[in-house]
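Here is the structure we will look at, set down as structure tokens.
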Amino acid sequence: MIHLSWNCQGLGKPLTVKHLREITHFPSSAYYFLSETHQHSHYVDKVRKQFGYIHGFNVDPIGKAVWLSLWWKPDVAVDVLLDSKFFIDTLVTCRNTGEKFRVTWMYGPPYFSDKAAFWDSWKDQLWNDSTPWLVIGDLNELLWSFEKDGGAPWNSLRNRYLKAFIYSNGLIDIGFKGSSFTWYKKEFG
């Protein structure tokens, strides 16, 4: 089962919708998570339905907050457990197998001033059961210096929120597939 997450940086742009049309042709993609849609629910729902996704959940902005949208196919049931301007936390059930797992669709805060409060808030959201858990999205946080290109130099003394989050929850980084630094030279990945 394929889970796709894309920081689309504006769903209202014709080129963005064109690229979305191309990636929605993957027949086994059960989910699409879009961050930074910069559109309200009525527009996002219209686009979602154009691409054949009956089910969806949107988090509209609060001020200039990030806009999030999650789409899924009917072969899974998705229960939204909790949502905020930075994430949609779900319990997913595969209809054909009954298998359950938790998926947190996340867009981490891009501003350093918001990071401590955000990552600390997850200490209260932990599950103590054996449900498999996947965290997917644009976390706006780095694990390693090689993940950074350009801008301010890597600060090795800075608090590593993501690393602590992964360690304290027994998670592993499974990486990603696609172009690195998709913002660079207008590449799409």
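The values are calculated or read from the model by the stated rules, or taken from the named source; none is laboratory data. A quick note: this is a predicted structure, and the numbers were derived from the prediction, not measured. When we count neighbours, we look across all protein chains shown, and the Cβ atoms used for this are built from the backbone with ideal geometry, even at glycine.
Any residue at all in segment 29-40 that's at pLDDT below 90, loosely packed, with under 14 Cβ neighbours inside 10 Å, in contact with a Phe, Trp or Tyr (Cβ under 9 Å, 6 or more places away or on another chain) and small (Gly, Ala, Ser)? No, every residue in segment 29-40 fails to be at pLDDT below 90, loosely packed, with under 14 Cβ neighbours inside 10 Å, in contact with a Phe, Trp or Tyr (Cβ under 9 Å, 6 or more places away or on another chain) and small (Gly, Ala, Ser).
All told, residue 88 meets the bar of being under 16 Å from the mean Cα position of the chain (by Cα) and of a type in the set (A, V, I, L, M, F, W, C). Only a single criterion out of (1) touching an Asp or Glu at 6+ places or on another chain (Cβ under 9 Å); (2) of a type in the set (D, E, K, R); (3) assigned to a strand (DSSP E or B); (4) more than 23 Å from residue 47 (Cβ to Cβ) is not satisfied by residue 83, namely (4).
Taking the criterion of being closer than 21 Å to residue 4 by Cα and in contact (Cβ under 8 Å) with a residue 40 or more places away in the chain, the only residue of segment 140-179 that qualifies is 162.
Condition check ((1) of a type in the set (Gly, Ala, Ser); (2) within 23 Å of residue 114 (Cα to Cα); (3) outside any strand (DSSP E or B)) across all residues:
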residue	(1), (2), (3)
34	no, yes, no
38	no, yes, yes
52	yes, no, yes
74	no, no, yes
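Annotation: of all residues in segment 54-72 being crowded, with 18+ Cβ neighbours inside 10 Å and assigned to a loop (DSSP other than H, G, I, E, B), the one that is modelled with the highest pLDDT is 67.
Among residues of segment 99-119 that are polar (S, T, N, Q), those with a Cβ under 6 angstrom from a residue that is at pLDDT 90 or above, sequence gap 6+ or separate chain, pair up as 104/87; 104/89; 104/135.
Taking residue 79, is it surrounded by fewer than 19 Cβ atoms within 10 Å (Cβ to Cβ) and touching a Ser or Thr at 6+ places or on another chain (Cβ under 8 Å)? Spelling it out, residue 79 is indeed surrounded by fewer than 19 Cβ atoms within 10 Å (Cβ to Cβ) and touching a Ser or Thr at 6+ places or on another chain (Cβ under 8 Å). Is one or more of the residues making up segment 97-118 more than 18 Å from residue 57 (Cα to Cα), at pLDDT below 85 and surrounded by fewer than 10 Cβ atoms within 10 Å (Cβ to Cβ)? No: zero hits.
Scanning segment 127-145 for residues that are surrounded by 11 or more Cβ atoms within 10 Å (Cβ to Cβ), part of a loop (DSSP other than H, G, I, E, B) and either among the hydrophobic types (A, V, I, L, M, F, W, C) or in contact with an Asp or Glu (Cβ under 7 Å, 6 or more places away or on another chain) (or both) yields 127, 139, 142, 143. Identify the residue in segment 1-28 that is modelled with pLDDT under 80 and of a type in the set (S, T, N, Q) and, among all such residues, is farthest from residue 86 (Cα to Cα). Once the filter is applied, the top-ranked residue is 28. Given the criteria modelled with pLDDT of 75 or more and within 21 Å of residue 8 (Cβ to Cβ), does residue 182 qualify? For residue 182, the condition - modelled with pLDDT of 75 or more and within 21 Å of residue 8 (Cβ to Cβ) - is not met. Every residue in segment 86-117 that is among the polar types (S, T, N, Q) and part of a strand (DSSP E or B), please. Matches in segment 86-117: 90, 93, 104.
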